[in-house]
Amino acid sequence: MQTLAERLPPVRGRIMFQEPLAPFTWFRVGGPADALFIPADREDLAQFLAALPADIPVTAIGVGSNLIVRDGGVAGVVVRLAGRAWAEVTPLGDGRLEVGAGALDAKVAEAAAKEGIAGLEFLVGIPGTIGGALIMNAGCYDGEIKDVLISAHGIGRDGRPVAVRRDEIEFSYRHTDLPEDVVFTHAVLVGRGAAAPEAIAAKMADFRERREAAQPIREKTGGSTFANPDPPGTPNQRKAWQLIDQAGCRGRRRGGAQVSEKHCNFLLNVENATAADIEGLGEDVRAAVRADSGVALRWEIKRIGRLA
Ligand SMILES: Cc1cc2nc3c(=O)[nH]c(=O)nc-3n(C[C@H](O)[C@H](O)[C@H](O)COP(=O)(O)OP(=O)(O)OC[C@H]3O[C@@H](n4cnc5c(N)ncnc54)[C@H](O)[C@@H]3O)c2cc1C
């Protein structure tokens, strides 16, 4: 029988086998990818996907800031858009920017500020990439991706280009219905008006400070674990952190994982946690909240891969 290495098409980028994924996630947990592919550019990715046997699964990841990779690792090919080719930010005029899916959200916010494009400041505090932001409808403070997206572009599992306009996408709180078998390569964003770069920079500094005060952003974490059950603006909005606190889970532990004392919708890897510790603690919290308030919290963090 052919090995996975023998079945993969030739590429110009890099392919590594049995590559640990933990270093590529904020939680620093998880097993290896059967194969980890870092494409050189869009053409390399398209040719690879077109020639890849259909039974080999493909999973794209960003910088793993919203991800639990399970301890048994990820089957098939994991695609990571790392490097300059994937992180370009190109002004298109009229407040629009073409942004690579591998670009960090904060870099996009800074590039927009430099161009005097207002409305993208919220991206400064989200520690992911544009690829992850598209999938998650990432947002905070006064904006989310749905407010600034014109179109998302990627390569389908068959190697063909895919383009999706904003009005074709269903957005909800930290969720989009973008197809799961597309590796998104870039997006076109548009600002919400113009402002002096200094005014935009001041707003970004304010967002950064507020986040630092409220969240454990220097820990091994995946950010908000569960989506708020009610969208922003709902009267008497129920927040996940309040329900978790009320259920007595602040500081709760399982193995090396802990519910943050600072923000109890954040789970932390405090002491060499495994992915099973973190996911198990999340399920403990869900069960406690369900018993306390009857609410079934929905995981906002994506969990991928095999159990060990
Ligand atoms: C300290 C901290 C604070 C956070 N604060 C916020 C916040 O305020 N607001 C917020 O919205 N989020 C927040 N997050 C969560 C996270 O940063 C976002 O969800 C972010 O958009 C994830 O991007 P990523 O590149 O890390 O994606 P990953 O975590 O790597 O992946 C997330 C999902 O996107 C998919 N994906 C990633 N790239 C691609 C691609 N190119 N093509 C196809 N699919 C892709 C993955 O398969 C996965 O399903 C926070 C996280 C942390 C650790």
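Over the chain, what is the relative contact order in percent, taking alpha-carbon pairs closer than 8 angstrom and at least six residues apart?
Rounded, it is 18 percent for the chain.
Say the cut-off is 26 Å between C-alpha atoms; which of 239/262; 107/239; 203/302; 107/220 go over it? Mind showing how you got there, number by number?
Values: 239/262 15 Å; 107/239 29 Å; 203/302 30 Å; 107/220 21 Å.
Result: 107/239; 203/302 exceed 26 Å.
Hey, what number do you get for the chain at 222 nm if only DSSP H runs of n ≥ 4 count, each worth -39500 (n - 2.57), divided across all residues, to the nearest 500? The partial results should precede the final answer.
Numbers: 8 runs with 79 residues, N = 308.
Result for the chain, helices only: -7500 deg cm²/dmol.
Per the Cauchy relation, a quarter of the hull surface: what is the mean projected area of the convex hull of the alpha carbons in region 17-56, in nm²?
3.6
What is the fewest-to-most order of 204, 16, 136, 1 by other Cβ atoms lying within 10 Å of their Cβ?
Details: 204 21, 16 13, 136 25, 1 4.
Final ranking by Cβ density, sparse to dense: 1, 16, 204, 136.
Report the label-to-label distance for residue 271 and residue 167 in nanometres (one decimal), using points 7 Å from each Cα along the Cα→Cβ vector.
5.6
Would you work out the Kirkwood radius for the chain? I mean one over the mean of 1/r across all pairs of different Cα atoms, in Å. Intermediate values should be presented prior to the final figure.
Values: mean 1/r = 0.0495 Å⁻¹.
With all distinct Cα pairs of the chain included, I get 20.2 Å.
Is the shape of region 128-252 rounded, prolate or oblate, going by the alpha carbon gyration tensor and its root eigenvalues a ≥ b ≥ c, with a/c under 1.5 for rounded and a/b larger than b/c for prolate?
Numbers: a/c = 1.90, a/b = 1.33, b/c = 1.42.
Taking the square roots of the gyration eigenvalues as a ≥ b ≥ c, region 128-252 is oblate.
Just so you know, all these numbers are worked out from the coordinates, no wet-lab data involved. Quantities reported herein were computed from a predicted structural model and do not represent experimental measurements. Ideal geometry is used to build each Cβ from the backbone, glycine not excepted, and the neighbour counts take in all protein chains shown.
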